Amino acid sequence: MKVKQSSIVKKQVKLKQKLAGSKSAASRLMRSTGVLKKNPSTETAHVEVMNRSDADITATILVFSWDSDSPVMIGETSVIVPVGSLRSFSTSLIDVFEHYEVVAILSSAANVIVNHFGIADNVPQLGNIVLDRDFISVDI
């Protein structure tokens, strides 16, 4: 299922891609958790990207607070994920009170698995787990 993203998020993502030297938004795949209701115990948004493809990929993870009913970027990390490897990303959610979203922008999604865990003391929190199959592809 594909969903249209808000114009504010779209502008922020396009700006980040432009600054990063991306040739076109269409050349990348954007996947979202959707807006999540934060478990009161959740302290950190932890994302794992596993690359089982036959080529390195670039993964950019963006985390947004939706507490003000509009997205506010609170975290951004971009790395190359080599073939046959796993990379983890963590963003503090201490200042998020109600709602947040995790967005993964991948240079390729073939044989790439993305999972998100809202964690406290390194323990996944109920309601804040989004596995690869539950991420939503978003048009940029």
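Only the coordinates and a few stated rules stand behind these numbers; no lab work does. These numbers come from a predicted model, not from an experiment. Note that we place each Cβ from the backbone using ideal geometry, even for glycine, and neighbour counts take in every protein chain shown.
The table below lists the values:
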{"quantity": "Highest average packing first - 103-113, 49-59, Cβ atoms within 10 Å", "calculated": "103-113, 49-59"}
{"quantity": "DSSP-assigned coil residues among chymotrypsin sites (Phe, Trp or Tyr not before Pro) in segment 24-97, each with at most 11 further Cβ atoms within 10 Å", "calculated": "Phe97"}
